[in-house]
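The values are calculated or read from the model by the stated rules, or taken from the named source; none is laboratory data. Just so you know, these numbers come straight off a predicted model, no measurement behind them. Note that we place each Cβ from the backbone using ideal geometry, even for glycine, and neighbour counts take in every protein chain shown.
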Amino acid sequence: MPVRCVDQVKSQAVTRQPQNTPGQTMKTTISKIKPYITKDGSTVRELMHPLRHGNSRQSLAEATVAPYAETALHKHLRCEELYHITAGTGRVILGDASFTVKAGYTVLVRPDTPHKLTNLAATPLVLLCCCAPAYDHEDVVLLEV
């Protein structure tokens, strides 16, 4: 069961891991990563994040939007996001555009662009979300609650 804690990434980062050295393999296992609920309302597992894993410029997370649920309309001040849909069907609002997405689609969300995801089905909408710079709760501006 995911916890509702918008500071989960920071609270789990007691110490910063050393930077990756050449030849060192960095890996995580999704089954061992505790999910949390972000400011926008999606359930997230941080697969790789600088505050916990030693990488430095980006983060990768798996996000899930529950059946028939939606995230809050929001934007990121600095972060550029790539969404890659791995399961389900949904609708993306991206600035003035609105379109359907399904498994196999990839969406670019530029900084300062209002966006939200809506799950249109009875199954979870699951996506990989890559953020550069790395995801930071302080960078999220909620545009609706």
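Structure summary
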| read-out | value |
| --- | --- |
| Single residue of the range 94-116 satisfying the filter (of a type outside the set (Ser, Thr, Tyr) and more than 17 Å from Cys79 (Cα to Cα)) that is surrounded by the most Cβ atoms within 10 Å (Cβ to Cβ) | Val101 |
| Qualifying positions in the range 41-71 - over 12 Å from the mean Cα position of the chain (by Cα), over 21 Å from Pro133 (Cβ atoms) and crowded, with 16+ Cβ neighbours inside 10 Å | Ala69, Glu70 |
| Selected residue [part of a strand (DSSP E or B) and either in contact with a helix residue (DSSP H, G or I) (Cβ under 6 Å, 6 or more places away or on another chain) or without any contact (Cβ under 8 Å) to a residue 24 or more places away in the chain (or both)] from Thr64, Thr100 | Thr100 |
| Residue within the range 104-111 that is in a loop (DSSP other than H, G, I, E, B), of a type in the set (Lys, Arg), within 22 Å of Arg52 (Cβ to Cβ) and in contact (Cβ under 8 Å) with a residue 12 or more places away in the chain present | no |
| Positions within the range 67-97 being closer than 20 Å to Asp139 by Cβ, of a type in the set (A, V, I, L, M) and out of contact with any helix residue (DSSP H, G or I) (no Cβ under 9 Å at 6 or more places or on another chain), in sequence order | Ala72, Leu73, Leu82, Val92, Ile93, Leu94 |
| Test: residue in the range 138-145 that is among the aliphatic types (A, V, I, L, M), more than 13 Å from His76 (Cα to Cα) and at pLDDT below 95 | yes |
| Test: residue in the range 83-92 that is in contact (Cβ under 8 Å) with a residue 60 or more places away in the chain, closer than 25 Å to Lys34 by Cα, within 14 Å of the chain's Cα centre (by Cα) and outside any helix (DSSP H, G or I) | no |
